[in-house]
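Enquirer: Structure in structure tokens, see below.
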Amino acid sequence: VLIGVIWAFGIAGYLGIPLTLVTIAGLPVMLGIGIDYAIQMHSRIEEEVIIDRSPYPIQAAARGLGPALLVVTFDAVFAFAAIQISQVPMIREFGWLLTVGIIAICVSSIINPLAALGIREYRSPTKGRDFSEGILGRLVVKLGSLPASSALILAVLSVAVFVAGSVLEPKLKLETDPINWVNQDTQVIKDLRHIEDQVGGSSELGVFVQSDDQSSLYTDEVVTFVDEFTRDQIDRFDKELLVGSSIVATVSDLTDIPGAAHVSPTAADVEAAWDLAPEGIKVSTAPPGGAALNIAFLTKPTSLEERAVVVDDVLGTESPEGTSITPSGLAVVGVGLLENLEANLVELTWLAAGLVFLFLAVRLRSIIRALLSMVPVLIASGLATIAIYLLGIELSPMTAVGGPLVVATCTEFTSLILLRYLEERRRGLEPREAIDVTAARTGRAFIVSAMTAIAGVAVISFSSLPLL
């Protein structure tokens with residue numbers, strides 16, 4: 001797995017796949033999935049040596065498990081390919097990294113264990129007892145002992161659970177504020193939180209008012225619009241906005257008389273104030289000639305969903321003829337990210353499941369087998385979403401693509417079990433016997449690899465980055 005991961009990141013580097021806050025999480029994910037490949041191959045060789053007493057255990061393991069590992073790798077590739085429909089670039093790059101990584105790890109997990117264990121068996125043949133009668137083997141046999149009649153019930157249940165998960169998925173809360181993604185113990189974040197406590201906000205929503213023909217905006221009509229627009233935004237969005245700053249707002253505040261009706265300043269007063277202002281105020285409020293005006297709203301510590309309402313209102317505001325207004329700043333970036341993530345959150349999981357199903361239908365040459373293979377996949381995917389919803393777990397751009405990851409991981413386990421079952425059937429075993437043999441011989445490897453996959457992914461939870 002270590003060699004496979006080195007190959008994966010090396011190939012990703014040659015292909016120009018960048019490391020981002022999301023793609024760096026590919027390492028634990030690849031370790032979690034890749035360790036399963038290595039354990040399965042190791043266990044199969046041990047099975048050929050100890051149980052079947054094969055004279056050529058390495059070759060037998062390669063013939064028996066090699067094709068199955070290739071199948072589950074294609075399952076994962078198709079699941080990860082679904083991530084490419086995401087509208088967020090770093091998530092698409094995460095999908096490419098996983099695709100490259102899973103192929104590299106598959107090749108490594110076939111070649112390297114066969115070579116290393118082949119050398120070991122040649123020098124010191126393995127001796128041991130039949131592990132199919134162990135605790136883990138018996139446990140998996142018991143788990144797989146449901147009557148055949150339960151298949152239809154599970155199939156119906158899988159669709160119901162998957163649909164329920166799809167209905168709940170858009171209702172999951174997304175954290176898309178980049179400030180909340182990074183290590184909260186860093187001095188930069190502590191400084192930002194201190195500013196929020198003392199001032200009431202630390203982020204800005206900019207509104208850029210621009211002349212379409214580069215003519216001066218120092219006209220009474222435009223100045224009145226900017227003044228009234230700024231005050232109206234503060235009044236209507238008092239929970240989201242703290243204050244609005246601009247050269248117009250400065251003059252407006254200076255000429256405002258308490259107790260008297262507010263009168264917007266004249267364009268001549270605003271232009272004269274800009275001419276007399278310090279250089280720092282000049283460059284932050286308007287360019288020479290007045291072809292544009294900048295309004296900077298200090299935003300309160302609010303969610304992006306709440307800021308989205310303000311951004312949408314700015315976008316829907318009609319400016320004076322010959323001018324245009326454009327919102328800007330971290331709030332706009334965050335709102336755009338929120339919209340892009342929510343745009344096809346459900347479609348990611350559906351497409352991943354659909355692509356995997358089509359591949360299995362072709363590979364297994366049976367729609368029925370492909371459908372049965374999807375039963376545990378749909379149950380796992382749906383239950384994951386339902387659990388996240390019930391536990392109130394907040395999603396990030398990383399966890400928002402959890403659907404394809406669950407599909408890829410679960411399909412891997414399902415396909416390996418199914419293909420091993422078909423292998424036992426080809427040996428002449430009856431269905432029930434084939435199920436029990438499959439469960440007993442692969443049970444230990446599946447339980448151990450599942451636990452190591454969980455451990456590999458769980459490592460991410462210890463990251464100092466809340467995003468991960």
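The values are calculated or read from the model by the stated rules, or taken from the named source; none is laboratory data. Please read all numbers here as calculations on a predicted model, not as lab measurements. Methodologically, a virtual Cβ is constructed for each residue, glycine included, from the backbone with ideal geometry; neighbour enumeration extends over all protein chains shown. Note: accessible area is taken over every heavy atom of the protein model, side chains too, but ligands, DNA and RNA are not part of it. Shrake-Rupley method; radii C 1.70, N 1.55, O 1.52, S 1.80 Å.
Enquirer: Please state which one of 273, 292, 277 is under 46 Å from the mean Cα position of the chain (by Cα), of a type in the set (A, V, I, L, M, F, W, C), open to solvent by less than 80 Å² (accessible area, probe 1.4 Å) and closer than 27 Å to residue 201 by Cβ.
Expert: Every option except 292 fails the conditions.
Enquirer: For region 97-113, how many residues are in contact (Cβ under 8 Å) with a residue 24 or more places away in the chain and open to solvent by 30 Å² or more (accessible area, probe 1.4 Å)?
Expert: 4
Enquirer: Separate question: One residue is enough: does region 390-405 have a residue meeting the conditions surrounded by fewer than 24 Cβ atoms within 10 Å (Cβ to Cβ), modelled with pLDDT of 90 or more and over 16 Å from the mean Cα position of the chain (by Cα)?
Expert: Yes; the residues of region 390-405 include at least one that is surrounded by fewer than 24 Cβ atoms within 10 Å (Cβ to Cβ), modelled with pLDDT of 90 or more and over 16 Å from the mean Cα position of the chain (by Cα).
Enquirer: Another question about this same structure. Within region 233-256, which residues are open to solvent by 80 Å² or more (accessible area, probe 1.4 Å) and either assigned to a helix (DSSP H, G or I) or within 28 Å of residue 216 (Cα to Cα) (or both)?
Expert: Answer for region 233-256, where residues must be open to solvent by 80 Å² or more (accessible area, probe 1.4 Å) and either assigned to a helix (DSSP H, G or I) or within 28 Å of residue 216 (Cα to Cα) (or both): 235, 236, 253, 254.
Enquirer: Does any residue of region 179-190 turn out to be within 18 Å of residue 389 (Cα to Cα), open to solvent by 50 Å² or more (accessible area, probe 1.4 Å) and in contact (Cβ under 8 Å) with a residue 12 or more places away in the chain?
Expert: no
Yes/no matrix, rows are residues, columns are (1) touching a Phe, Trp or Tyr at 6+ places or on another chain (Cβ under 7 Å); (2) open to solvent by less than 30 Å² (accessible area, probe 1.4 Å); (3) assigned to a helix (DSSP H, G or I); (4) without any contact (Cβ under 8 Å) to a residue 60 or more places away in the chain:
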site: 81; (1), (2), (3), (4): no, no, yes, no
site: 90; (1), (2), (3), (4): no, no, yes, no
site: 95; (1), (2), (3), (4): yes, yes, yes, no
site: 126; (1), (2), (3), (4): no, no, no, no
site: 129; (1), (2), (3), (4): no, no, no, no
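Enquirer: Can you find, within region 312-345, the residue that is nearest to residue 89 (Cα to Cα) among those that are open to solvent by less than 20 Å² (accessible area, probe 1.4 Å) and within 20 Å of the chain's Cα centre (by Cα)?
Expert: Once the filter is applied, the top-ranked residue is 341.
Enquirer: Right, here's the next one. If I filter region 180-203 for residues that are in a strand (DSSP E or B) and more than 17 Å from residue 331 (Cα to Cα), do I get at least one hit?
Expert: For region 180-203, residues in a strand (DSSP E or B) and more than 17 Å from residue 331 (Cα to Cα): absent.
Enquirer: Please find, among 3, 35, 11, the residue that is touching a Ser or Thr at 6+ places or on another chain (Cβ under 7 Å), farther than 20 Å from residue 405 by Cα and open to solvent by 10 Å² or more (accessible area, probe 1.4 Å).
Expert: 3
Enquirer: Let me ask something else. Of the numbered conditions (1) open to solvent by 10 Å² or more (accessible area, probe 1.4 Å); (2) touching a helix residue (DSSP H, G or I) at 6+ places or on another chain (Cβ under 6 Å); (3) more than 19 Å from residue 162 (Cβ to Cβ), residue 385 fails exactly one; give the number of that condition.
Expert: Result: residue 385 passes all but (3).
Enquirer: Yes or no: residue 136 under 29 Å from residue 440 (Cβ atoms), in a helix (DSSP H, G or I) and not charged (D, E, K, R)?
Expert: yes
Enquirer: Checking the conditions here, which among 167, 156 is part of a helix (DSSP H, G or I), aliphatic (A, V, I, L, M) and open to solvent by 90 Å² or more (accessible area, probe 1.4 Å)?
Expert: 156
Enquirer: Within region 429-451, count every residue that is modelled with pLDDT under 90 and outside any helix (DSSP H, G or I).
Expert: Of the residues in region 429-451, 0 are modelled with pLDDT under 90 and outside any helix (DSSP H, G or I).
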